[in-house]
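The values are calculated or read from the model by the stated rules, or taken from the named source; none is laboratory data. These numbers were taken from a predicted model, which means no experiment stands behind them. We place every Cβ from the backbone using ideal geometry, glycine too, and count neighbours over all the protein chains shown.
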Amino acid sequence: MNSFIGWIGGKKLLRKAIIERFPVDGFNRYIEVFGGAGWVLFGKEPGKELEVFNDINSNLINLYRCIKYHSEELQKELNWLLVSREQFFDNKCQLEVRGLTDIQRAARYFYIIKVSFGSDHRSFGTNKRNLLTSIEYLHEVQERLKNVVIENKDFSNIIEVYDRPGALFYLDPPYHGTEKYYGYDFGIKQHVDLNTILKNINGRFILFYFIL
C-alpha cells in the first residue's frame, strides 16, 4: 500500500528495490529508525515480526499515533479544512500555539504536509489537490498500523533499545548537506555517531545514503 503523506527524500519509487534487499533468511523484528513517510513500512507485507516505526519529529509521531488510535476523530477534525493559502498559513501558526489537543495538532500537521509545495511544510503548493480522498484513506492506514509500535526517540536510543540478533534496521537519515530541510539538528557529528553505532550492533541493517 502507499503512504498517506509525501516527505522530503521519500522512497516511493525505490521501496521495491529496498525491500528486495531484506535478508532472505528472515528477521524477527523490523525497525525504521528515520521513519518519515514510511514508504518502506507501507510497502512491505506485514509479517509475524515485530514492526517499529520511529522518528524524532514529535509532530509527525503524534500524527501517526492519532491515526492509529483516533482515526475517526482525526477525520472529523479534518473535514472542515479547505485548500487555501490563508488556511495553510493559519494552520502553520496554530501549530505553534499551546493548548491544542493531540488530534487538533495532528490535523493541522497533516494539512500542512498535504497542502505544502513538495511536502516541504513551508510554502503553499498551487497544484490541484483532493483532500477528501486523502482523509478517507486514513482508515486503511489505521489498519496497517494496528500492530506497529510507534516511537519518538533519537536514532541512537532507538537502536540501543531494539538491537538484538534477528533485528533488521532500515535507516534513511537526513542526507549530508540537506539537514536544514528536516527541521532538526543532524550534522557531521550525528553522521559519525551513526556510523560508529552501526559497526557494533548485534542485528543487521540497510542504510540508504546519498551525498550531495
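The set of residues in the range 32-73 that are within 12 Å of the chain's Cα centre (by Cα) and part of a strand (DSSP E or B) comprises Glu32, Val52, Phe53, Asn54.
Working carefully through the options Glu45, Glu86, Glu96, find the one that is modelled with pLDDT of 90 or more and of a type outside the set (S, T, N, Q). Outline the logic, then answer.
Numbers: Glu86 fails: modelled with pLDDT of 90 or more; Glu96 fails: modelled with pLDDT of 90 or more.
Criteria check complete, one pass: Glu45.
Name the one entry in Gly47, Gly35 that is closer than 30 Å to Leu207 by Cα, touching a Phe, Trp or Tyr at 6+ places or on another chain (Cβ under 6 Å) and not charged (D, E, K, R). Write out each step before concluding.
Numbers: Gly47 fails: touching a Phe, Trp or Tyr at 6+ places or on another chain (Cβ under 6 Å).
Answer to the check: Gly35.
Residue-by-condition table, conditions (1) outside the structural domain of Arg164 (by TED's automatic domain parsing); (2) surrounded by fewer than 19 Cβ atoms within 10 Å (Cβ to Cβ):
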{"residue": "Trp7", "(1), (2)": "no, no"}
{"residue": "Glu20", "(1), (2)": "no, yes"}
{"residue": "Asp25", "(1), (2)": "no, yes"}
{"residue": "Leu41", "(1), (2)": "no, no"}
{"residue": "Gly47", "(1), (2)": "no, yes"}
{"residue": "Ile67", "(1), (2)": "yes, no"}
{"residue": "Lys76", "(1), (2)": "yes, yes"}
{"residue": "Ser84", "(1), (2)": "yes, yes"}
